[in-house]
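**Student:** One structure coming up, written as structure tokens, with questions to follow.
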Amino acid sequence: MKLSCRASLIKPSATLAITAKAKKLKNEGKNIVSFGAGEPDFDTPDHIKNAVKDALDNGQTKYTPVSGIDELKAAIAEKFSSDYGINYEKSEIIVSCGGKHSLYNIFSAMLDEGDEIIVPSPYWVSYTEIIKLSGGVPAIADTSKNNFKFNLKLLEKHLTNKTRGVILNSPSNPTGVLMDEKDITDIAHFAQKNGLYIITDDIYEKIIFDGKKFFNALMADKSMKENTIAVNAVSKTYSMTGFRIGYTAGPKDLISAMNNIQSQSTSNPTTFAQYGALAALKGGYEFTVMMRDEFQKRRDYMLDFFDKNIKSIIPVKPDGAFYLFIDVSKIFGKHINSSAEFCDYLLEKYLVAAVPGIEFGNDNFVRLSFATGLDAIKEGVNRIKEAVNSLS
Ligand code: PMP
Ligand code: GLU
């Protein structure tokens, strides 16, 4: 049938597709090592699961207000106040069906046809597609020549009279790199002066290594509340990807428009999942810290392995999140000429799943998720070593 122009513009999510393909092959009995997953491999903590069970037993199976239950919005407001020292009213917060849905609502509510959003590259696969679905245009700003750190100079380079805002994602998916505080502060002040919005995607904020500190536009300056749209989710922080609970704090008129859109599309996010998110936000970070420390051990193992064993692959050292973005361009030549070809070769010949960098806007790289156990990681990197050796 004839599809809408908008639908034809959109690619499926490569990260989800590769994760699904790896799972399918595993279920068929293949000995796959998957570096595809964009979700923590830890079980959701019991106190969160129990809160959902209690909610179901207590009859929490009906609609809630579109923007989420009051208790959850209060807990989110409390989080913003204790983490960034900024107070939000409930009318400035909306809970949606995952961080992805939050972003979808944000861009649907703020963009007109042709409006531009600056997207630092490499970027998470869904930013460009969600912007396009909303009629907007992603303006891609390549950070690879600046150690993957976005800054004001790069922003200015991509500024036009159609620019409405910029997405900041620090630590980033796929590189794990943290932006410098000074760069965030400079961009915040520039945005304020020039009527731009900063969409700060803080989904990996609690997964930061080496004792480094999280920083975002709201922390740069309290008055940035007016120009900042903060997106977050319980998905990664508490290993709750399947709950589909994300949230946004931002200007009241934007939140109200998002509320209208949500009321005509999904209605409220799943009622009992909201009670799970409430228990998560109220339950502290003991689990998250354990998970973060484990991710750091895995990162260190992988960095050391590549350094000692595969000289032709150069990883970017991640400050956070759970991805290793590796430069594979030195092995391009006779047999392999792109990130997709390298990933196909790894999967077909060595049963290793990874996501081609081209999906994140950089064809020289491949993304390896280390949200998988250390034994699988050890096996996987050894297979990559074999794969690379047999090319030379
Ligand atoms: N932002 C980034 C950078 C992500 O990697 C993800 C991955 N899932 C999301 C947002 C959305 O997360 P979710 O919809 O699962 O809450
Ligand atoms: N964000 C994760 C990833 O990059 C999960 C999959 C997705 O939603 O894209 O792999």
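**Student:** I'd like the residue in the range 6-22 that is assigned to a helix (DSSP H, G or I) and closer than 19 Å to S108 by Cα and, out of all such residues, is farthest from ligand 1 (Cβ to nearest atom). Break it down stepwise before answering.
**Tutor:** Looking only at the range 6-22, we keep the residues that are assigned to a helix (DSSP H, G or I), and these are 6-9, 14-22.
The next check asks that each one be closer than 19 Å to S108 by Cα; those that pass are 6-9.
On the way: R6: 20, A7: 20, S8: 24, L9: 20 Å.
Here the answer is S8.
**Student:** Additional query: Go through the residues of the range 229-251 one by one and say whether even a single one is more than 16 Å from ligand 1 (Cβ to nearest atom) and surrounded by fewer than 24 Cβ atoms within 10 Å (Cβ to Cβ). Can you show your working first?
**Tutor:** Step one: filter the range 229-251 for residues more than 16 Å from ligand 1 (Cβ to nearest atom), giving 251.
Checking which are surrounded by fewer than 24 Cβ atoms within 10 Å (Cβ to Cβ) leaves us with 251.
Yes, the range 229-251 has at least one match.
**Student:** Please specify each residue of the range 163-173 satisfying the condition of being closer than 23 Å to L9 by Cα and in a strand (DSSP E or B). Break it down into steps so the answer makes sense when it comes.
**Tutor:** In the first step, residues of the range 163-173 are kept if they are closer than 23 Å to L9 by Cα; the result is 163-167, 173.
Across the range 163-173, the qualifying residues are T163, R164, G165, V166, I167.
**Student:** Any residue in the range 45-62 that's touching a residue at least 40 places away in the same chain (Cβ under 8 Å): show its pairings with residues that are part of a loop (DSSP other than H, G, I, E, B) at Cβ separation under 8 Å, as long as the two are six or more apart or on different chains.
**Tutor:** Correct list of pairs: P45/Y238; P45/S239; P45/G283; H47/G283; I48/Y238; I48/M240; I48/G283.
**Student:** Follow-up question, since we're still on this one. Please indicate, with yes or no, whether at least one residue in the range 70-81 is part of a loop (DSSP other than H, G, I, E, B), within 16 Å of ligand 1 (Cβ to nearest atom) and not aliphatic (A, V, I, L, M). Even if it seems obvious, please write down each step before you answer.
**Tutor:** So in the range 70-81, the residues part of a loop (DSSP other than H, G, I, E, B) come out as none.
The answer is no, given that none of the residues of the range 70-81 is part of a loop (DSSP other than H, G, I, E, B), within 16 Å of ligand 1 (Cβ to nearest atom) and not aliphatic (A, V, I, L, M).
**Student:** Within the range 145-162, can you find the residues that are surrounded by fewer than 17 Cβ atoms within 10 Å (Cβ to Cβ) and outside any loop (DSSP other than H, G, I, E, B)?
**Tutor:** Answer for the range 145-162, where residues must be surrounded by fewer than 17 Cβ atoms within 10 Å (Cβ to Cβ) and outside any loop (DSSP other than H, G, I, E, B): K145, N146, K153, E156, K157.
**Student:** Another question, then. Would you please name the residue that is surrounded by the fewest Cβ atoms within 10 Å (Cβ to Cβ), looking only at residues in the range 118-136 that are in a helix (DSSP H, G or I) and within 14 Å of ligand 1 (Cβ to nearest atom)? Let's see the steps before the verdict.
**Tutor:** Just the residues of the range 118-136 that are in a helix (DSSP H, G or I), to begin with: 125-133.
Imposing the further condition that a residue be within 14 Å of ligand 1 (Cβ to nearest atom) reduces the set to 125-131.
Details: V125: 23, S126: 20, Y127: 25, T128: 24, E129: 16, I130: 24, I131: 23.
Checking each candidate, the answer is E129.
**Student:** Does any residue of the range 39-54 turn out to be under 30 Å from E156 (Cβ atoms) and away from ligand 1 (no atom under 16 Å from the Cβ)? Give the steps one after another, and end with the answer.
**Tutor:** From the range 39-54, those under 30 Å from E156 (Cβ atoms) are none; that's our starting set.
The answer is no, given that none of the residues of the range 39-54 is under 30 Å from E156 (Cβ atoms) and away from ligand 1 (no atom under 16 Å from the Cβ).
**Student:** Can you list the helices (runs of 4 or more DSSP H) lying wholly within the range 285-392 that have 1 or more residues being within 16 Å of ligand 1 (Cβ to nearest atom) and either in contact with a Leu (Cβ under 9 Å, 6 or more places away or on another chain) or farther than 16 Å from P122 by Cα (or both)? Full working, then the answer.
**Tutor:** Working: elements: 286-309, 339-350, 374-389.
Correct list: 286-309.
**Student:** Out of all the residues in the range 91-113, is one or more part of a loop (DSSP other than H, G, I, E, B) and over 20 Å from V166 (Cα atoms)?
**Tutor:** Within the range 91-113, the subset part of a loop (DSSP other than H, G, I, E, B) is 97-98, 111-113.
Next cut, over 20 Å from V166 (Cα atoms) only: 97-98.
Checked against the condition, which is being part of a loop (DSSP other than H, G, I, E, B) and over 20 Å from V166 (Cα atoms), the range 91-113 yields at least one hit.
**Student:** Which of the following residues is of a type outside the set (D, E) and over 15 Å from P40 (Cβ atoms): Y285, Y301? Show your work before the answer.
**Tutor:** On the way: Y285 fails: over 15 Å from P40 (Cβ atoms).
Selected residue: Y301, the only one of Y285, Y301 that is of a type outside the set (D, E) and over 15 Å from P40 (Cβ atoms).
**Student:** Quick one: how many residues across the range 23-64 are assigned to a loop (DSSP other than H, G, I, E, B) and either surrounded by 19 or more Cβ atoms within 10 Å (Cβ to Cβ) or more than 16 Å from ligand 2 (Cβ to nearest atom) (or both)?
**Tutor:** Narrowing the range 23-64 to residues assigned to a loop (DSSP other than H, G, I, E, B): 28-32, 35-45, 58-64.
Keeping just the survivors that are either surrounded by 19 or more Cβ atoms within 10 Å (Cβ to Cβ) or more than 16 Å from ligand 2 (Cβ to nearest atom) (or both) gives 28-32, 35-38, 40, 43-45, 58-64.
Going through the range 23-64 one residue at a time, the tally reaches 20.
**Student:** Then there's this: Inside the range 178-268, counting only strands (runs of 3 or more DSSP E) that do not spill past its ends, which hold 2 or more residues that are more than 30 Å from K49 (Cβ to Cβ) and within 16 Å of ligand 2 (Cβ to nearest atom)?
**Tutor:** On the way: elements: 197-201, 228-233, 246-249.
It comes to none.
**Student:** Right, another one. Identify all residues within the range 94-117 that are in contact with a helix residue (DSSP H, G or I) (Cβ under 7 Å, 6 or more places away or on another chain) and either hydroxyl-bearing (S, T, Y) or within 16 Å of ligand 1 (Cβ to nearest atom) (or both); write none if there are none.
**Tutor:** Residues satisfying the conditions are I94, V95, S96, K100, L103, Y104, N105, I106, F107, S108, I117.
**Student:** From G38, G68, which residue is out of contact with any Gly (no Cβ under 7 Å at 6 or more places or on another chain) and closer than 15 Å to I245 by Cα?
**Tutor:** On the way: G38 fails: closer than 15 Å to I245 by Cα.
So the residue among G38, G68 that is out of contact with any Gly (no Cβ under 7 Å at 6 or more places or on another chain) and closer than 15 Å to I245 by Cα is G68.
Each row is one residue, and each column tells you yes or no for (1) hydroxyl-bearing (S, T, Y); (2) over 15 Å from the mean Cα position of the chain (by Cα); (3) modelled with pLDDT of 95 or more; (4) within 16 Å of ligand 1 (Cβ to nearest atom).
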| site | (1), (2), (3), (4) |
| --- | --- |
| T143 | yes, yes, yes, yes |
| K157 | no, yes, yes, no |
| R164 | no, yes, yes, no |
| T200 | yes, no, yes, yes |
| E205 | no, no, yes, yes |
| K225 | no, yes, yes, no |
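The values are calculated or read from the model by the stated rules, or taken from the named source; none is laboratory data. Just so it is clear, the model here is predicted, and its values are computed rather than measured. When we count neighbours, we look across all protein chains shown, and the Cβ atoms used for this are built from the backbone with ideal geometry, even at glycine.
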